[in-house]
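J.: The structure is given below, and queries will be raised subsequently.
The values are calculated or read from the model by the stated rules, or taken from the named source; none is laboratory data. Note that the structure is a prediction, hence the values are computed from the model and not measured. Methodologically, a virtual Cβ is constructed for each residue, glycine included, from the backbone with ideal geometry; neighbour enumeration extends over all protein chains shown. SASA here: full protein model, heavy atoms, side chains in, ligands and nucleic acids out. Shrake-Rupley method; radii C 1.70, N 1.55, O 1.52, S 1.80 Å.
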Amino acid sequence: SERMVDMLSEEMLTSYRAWLQYEPIEDQSYASNVSAYLKNVAVNLDCDEIIDNALIEWQTALGSMLQMNSAVDVGSELDQGLILKLDASYQEDTYTIDSSENLLTLTGGSSRAILYGIFHVLRLIQQRKSLDNLSIKETPKNKIRMINHWDDMDGSVERGYAGESFFFKDYKFIKDRQRIHDYARLLSSVGINALTINNVNVHKIETELVTDTYLADVKLTSDIFNQYGITMYLSINYAAPIELGVLDTADPLDENVIAFWEKTAKRVYEVVPNLGGFLVKADSENRPGPFTYNRDHAEGANMLGKALEPYGGIVIWRCFVYNNKQDWRDRKTDRARAAYDHFKPLDGKFNDNVVLQIKNGPMDFQVREPVSPLIGELKDTNQFLEFQIAQEYLGQQRHLVYLIPQWKEVLEFDTYAKGKGTKVKDIVSGEVFDNKIAGIVAVSNVGIDYNWTGHTMAQLNLYGYGRLIWNPDLTAEEIAMEWIKQTFGHDPQLIETIMKMVMPSWEAYENYTSPLGIGWMVNVSHHYGPNIDGYEYDMWGTYHYADRNGIGVDRTIATGTGYTGQYYKENQELYESIETCPDELLLFFHHVPYTHVLQSGKTVIQHIYDTHFKGVEQVEEMIEHWTSLEDKIDQRRYQDVKERLEHQLWSAKEWRDTINTYFYRKSGIADEHNRKIY
Ligand code: GCW
C-alpha cells in the first residue's frame, strides 16, 4: 500500500527532512578534505538494529552530501576512514570522537551512543566543520530526555498545531509506520531517548492501550523507537479498573486494585518487554485519582510503582494538580501554590521507581512565569522537569517564537536549595540530590503536517529542545546557528538574517501579549488570541484582578496568598518585596496601581503601551528580514513561513489594540507618546 511519505512532493520533502537535509556539498575543497575520513567504515563491535540504523544514516547522508559510497566492513583495521567501537567503561550514552591523519575513531558506551556519535559527525559535516584533530567527548547532562505526545486515538492531538496524529486514526494505530520511523530518526539525531505516544488525558478507548486490544500495535510502535535507542512509555488511566469494567473502585490500597495492576503489568510486559513504564495524570483537571479514596499521591503512585517493579518499569507521576474551581471571592486559594502544597509534604515517600513530573512554572506554560518552587524542595524524590514545545500559549505555531531562551532561563535559575548556585539544571539532572531517575520531558509540537510542526520555524524548537537538554550549557545562539545551517544552508546573509528573526522572538511575543508576568488574557479553552477577561470571569478560576485602580495578583506572605513563601529565602525576599521583584514578574507577585513605577523607570501603564507598540514593530521587522531571503529559500518553505508571519502580524496588532484599549479605558491614563489607542 502507498506510504504517506511517498505522496509528498519533492518540495514538501524538503520541509519534511527538517534539519536532516544532507544537501550536496558544493565546496570542493571541503569535500575533499573530509572525504578521506569517510571512505570506509570499520565496525569493531556487535551489530544490532541501532547500529544498522546508524550505518544506514551514515550511508544515506554521505551519498546525498558527497555522492560517495562509504564501504562498511566488519572487524577490519583501517588506515583511512571511520572506526566504530564500544568501550565498556563509558557511561551508556557517552561517546568520544577522535581524529588524526584521515582516521576517525568513534567510541561509544552503547549502540545508542554510537548512533549519537554518527549523528554528531554528520552534524559537523552539515555545518561544514573540519574533521581534523577532533578530540570530542560527549555525555548528556540528563539521563532521560523525553517527549510527551498528547495524541488521542481518534486522531486528534490535544493542543496540537501541526495536523492530526501520525500514530492513531479512528481508534486504530495507523498501519503505515514510515512516518514513525522518520520521526524516530529526527528525535535520536538530537539525543531524545524516551517518549510517550498517547495523551495524559486518557479517555475511554485509550484506557485499552494496556490491554490485548492494542498491545500488539503498542509493541510494533515501541520496536521502531527502540531501533533508534528510544524507550516508549504509555499514559494510563488511573481509573482503568473501573473504566474497563473490571472493578467498581480504583482505590490504591484495595487488594483487587493492586491485583488488577499486577496482572495488567504482567501482560503488558509479556507483549512489550521494552516498555519504559507508565505516565499518569491523576486528580487533575477532572481526571480521576487517589483523592477520590482519601489516599495521597504517594499511595497512588507507589501502588503502580510496585506493579511495574518486577519488569524494571517506572511510573512518571505528574504534579499538575490544582483546584480548577477556585472562587473569585476566595483570595487565599492560589493555583500557583498547588504543586508545592500537594507534593512537598510527600517528599521521601515515593518508591525508587516513581518519578514526579513538574511543569517549569507554577501555572501552565505561560510566556513568563517564575520557576516552580517545587524544584529544589524535593530532596528525596526522583523528578522530571516538564516543558511544552507545543506553543499552546505562545502563538500555537502560527507565531514564530524561539523557546530556547525561555527554557535556558529556567535551567539557569538559582533555587538556593543547597546554597548559592543550586541551579535548576543541576537539580533536574539528578546531580544535586543524587537521584536514580532524572531528566527532562516536553510536550511534543509535531503532527502529520508535511513539515512536522506546522510552522517551519517551530522545527527549531524541537531541534533545540533535544540539543539543550543534552547539553544545557549550549547557548541559544549556538543552537539556532546549528539548526539554520543544517536546515537552510550556509549563505552568511541568510544565517545572519534568520538569527535576527529568531533571537528576539520570545521577547517580541511577550511584548505584544500579556505584560509583566500576568499571563493568561487569552481566549478560554482554545487559548488563542487576546481575551483579557476571558479567564477572569470564567469559573475555571485563574485571575489577574485588573480593575480601574490597578492590576496583579498579590502572592506575598505579608498581604497575599503566601506563595512567595514556597521559595528559599533569597528568592522569597526577592519576590516578596515590590522594590526588588524583577519587572518581568511584577504582576505575578504583586497587585499595583497603574502608576506604579517599575525598576525600568516607567510606570506600569506606560510599560504596557510601549511594549505593545514595540512588539508589533518587532514582527514587522521579522517580515522584512524574511522577505529579503526570498531568493535564498525554496518556495514552499518561504511561503509557509511568510504566510504565518503575516498572520502573526495581524494577530500581534489585535493583541496590541485589545490590550492597549482595555488598560487605557480601565485606567483613564493617556499614552505619553500619544499613539493611536482605540
Ligand atoms: O496546559 C493545559 C492544557 C491541557 C492539558 C493540561 C495538562 C493535557 O490546556 O490541554 O491537558 O495542561 O498539562 O495536563
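J.: Of the residues that make up region 253-274, is at least one open to solvent by 20 Å² or more (accessible area, probe 1.4 Å), part of a loop (DSSP other than H, G, I, E, B) and of a type in the set (A, V, I, L, M)?
T.: So in region 253-274, the residues open to solvent by 20 Å² or more (accessible area, probe 1.4 Å) come out as 253-256, 258-260, 262-263, 266-267, 270-271, 273-274.
So of that shortlist, the ones also part of a loop (DSSP other than H, G, I, E, B) come out as 253-254, 273-274.
Next cut, of a type in the set (A, V, I, L, M) only: 253.
Yes, because at least one residue in region 253-274 is open to solvent by 20 Å² or more (accessible area, probe 1.4 Å), part of a loop (DSSP other than H, G, I, E, B) and of a type in the set (A, V, I, L, M).
J.: Select the strands (runs of 3 or more DSSP E) contained entirely in region 52-149, then report the ones holding at least 3 residues which are open to solvent by less than 60 Å² (accessible area, probe 1.4 Å) and touching a strand residue (DSSP E or B) at 6+ places or on another chain (Cβ under 8 Å). Can you show your working first?
T.: On the way: elements: 71-74, 81-86, 95-100, 103-108, 135-138, 144-148.
The qualifying strands (runs of 3 or more DSSP E) are 81-86, 95-100, 103-108, 144-148.
J.: Let me ask something else about it. Residues in region 542-555: is at least one within 16 Å of the ligand (Cβ to nearest atom), touching a residue at least 12 places away in the same chain (Cβ under 8 Å) and on the phi < 0 side of the Ramachandran plot?
T.: Yes, there is a match, as at least one residue in region 542-555 is within 16 Å of the ligand (Cβ to nearest atom), touching a residue at least 12 places away in the same chain (Cβ under 8 Å) and on the phi < 0 side of the Ramachandran plot.
J.: Still on this structure: Which one of 116, 171, 183 is touching a residue at least 24 places away in the same chain (Cβ under 8 Å) and in contact with a Gly (Cβ under 7 Å, 6 or more places away or on another chain)?
T.: The unique qualifying residue is 116.
J.: Report yes if some residue within region 132-150 is within 16 Å of the ligand (Cβ to nearest atom), of a type in the set (Ser, Thr, Tyr) and touching a residue at least 24 places away in the same chain (Cβ under 8 Å); otherwise report no. Break it down into steps so the answer makes sense when it comes.
T.: Initially, region 132-150 is screened for residues within 16 Å of the ligand (Cβ to nearest atom), giving 146-150.
Right, trim to of a type in the set (Ser, Thr, Tyr) and you get none.
Within region 132-150, none of the residues are within 16 Å of the ligand (Cβ to nearest atom), of a type in the set (Ser, Thr, Tyr) and touching a residue at least 24 places away in the same chain (Cβ under 8 Å).
J.: Mind listing whichever residues of region 346-362 are within 12 Å of the ligand (Cβ to nearest atom) and not small (Gly, Ala, Ser)? Spell out how you get there, then give the answer.
T.: Looking only at region 346-362, we keep the residues that are within 12 Å of the ligand (Cβ to nearest atom), and these are 357-361.
Passing the criteria: 357, 358, 359, 360.
J.: Given the conditions (1) among the aliphatic types (A, V, I, L, M); (2) open to solvent by less than 60 Å² (accessible area, probe 1.4 Å); (3) farther than 24 Å from residue 186 by Cβ; (4) modelled with pLDDT under 95, report the number of the one that residue 12 does not fulfil.
T.: The single condition residue 12 does not satisfy is (3).
J.: List every residue pair whose Cβ atoms lie under 6 Å apart, where the two residues are 6 or more positions apart in sequence or sit on different chains, the first residue falls within region 10-36 and is in contact (Cβ under 8 Å) with a residue 40 or more places away in the chain, and the second residue, located anywhere, is part of a loop (DSSP other than H, G, I, E, B) and open to solvent by 10 Å² or more (accessible area, probe 1.4 Å).
T.: 12/450; 14/634; 15/450; 16/8; 16/450; 30/128; 36/80; 36/102
J.: Residues in region 192-208 that are more than 16 Å from the ligand (Cβ to nearest atom) and buried (at least 22 other Cβ atoms within 10 Å of the Cβ): how many?
T.: So the count comes out to 3.
J.: Return the only residue of 365, 343, 320, 278 being surrounded by fewer than 21 Cβ atoms within 10 Å (Cβ to Cβ), among the hydrophobic types (A, V, I, L, M, F, W, C) and within 16 Å of the ligand (Cβ to nearest atom). Reasoning before the result, please.
T.: Details: 365 fails: surrounded by fewer than 21 Cβ atoms within 10 Å (Cβ to Cβ); 343 fails: surrounded by fewer than 21 Cβ atoms within 10 Å (Cβ to Cβ); 278 fails: surrounded by fewer than 21 Cβ atoms within 10 Å (Cβ to Cβ).
The unique qualifying residue is 320.
J.: List every residue pair whose Cβ atoms lie under 7 Å apart, where the two residues are 6 or more positions apart in sequence or sit on different chains, the first residue falls within region 197-220 and is touching a residue at least 60 places away in the same chain (Cβ under 8 Å), and the second residue, located anywhere, is acidic (Asp, Glu).
T.: 201/158
J.: Can you pull out the residues in region 106-129 that are more than 19 Å from residue 19 (Cα to Cα) and over 27 Å from the mean Cα position of the chain (by Cα)?
T.: Here is the first cut: in region 106-129, the residues more than 19 Å from residue 19 (Cα to Cα) are 106-114.
Answer for region 106-129, where residues must be more than 19 Å from residue 19 (Cα to Cα) and over 27 Å from the mean Cα position of the chain (by Cα): 106, 107.
J.: For region 368-421, which residues satisfy the criterion of being outside any loop (DSSP other than H, G, I, E, B) and within 15 Å of the ligand (Cβ to nearest atom)? Break it down into steps so the answer makes sense when it comes.
T.: Just the residues of region 368-421 that are outside any loop (DSSP other than H, G, I, E, B), to begin with: 382-388, 404-412, 414, 417, 419.
384, 385, 386, 387, 388, listed by residue number.
J.: Would you check if there is a residue in region 487-508 being assigned to a loop (DSSP other than H, G, I, E, B), modelled with pLDDT of 95 or more and aliphatic (A, V, I, L, M)?
T.: Looking for residues that are assigned to a loop (DSSP other than H, G, I, E, B), modelled with pLDDT of 95 or more and aliphatic (A, V, I, L, M), one finds at least one in region 487-508, hence yes.
J.: Can you work out which of the residues in region 151-191 that are within 14 Å of the ligand (Cβ to nearest atom) and open to solvent by 10 Å² or more (accessible area, probe 1.4 Å) is farthest from residue 446 (Cα to Cα)?
T.: Selected residue: 152.
J.: So, one more: Would you check which residues across region 574-589 are open to solvent by less than 10 Å² (accessible area, probe 1.4 Å) and either more than 22 Å from residue 557 (Cα to Cα) or part of a loop (DSSP other than H, G, I, E, B) (or both) and list them?
T.: Within region 574-589, 581 is the sole residue that qualifies.
J.: Which of the residues spanning region 658-678 are more than 18 Å from residue 551 (Cα to Cα) and modelled with pLDDT of 95 or more?
T.: 672, 673, 674, 675, 676, 677
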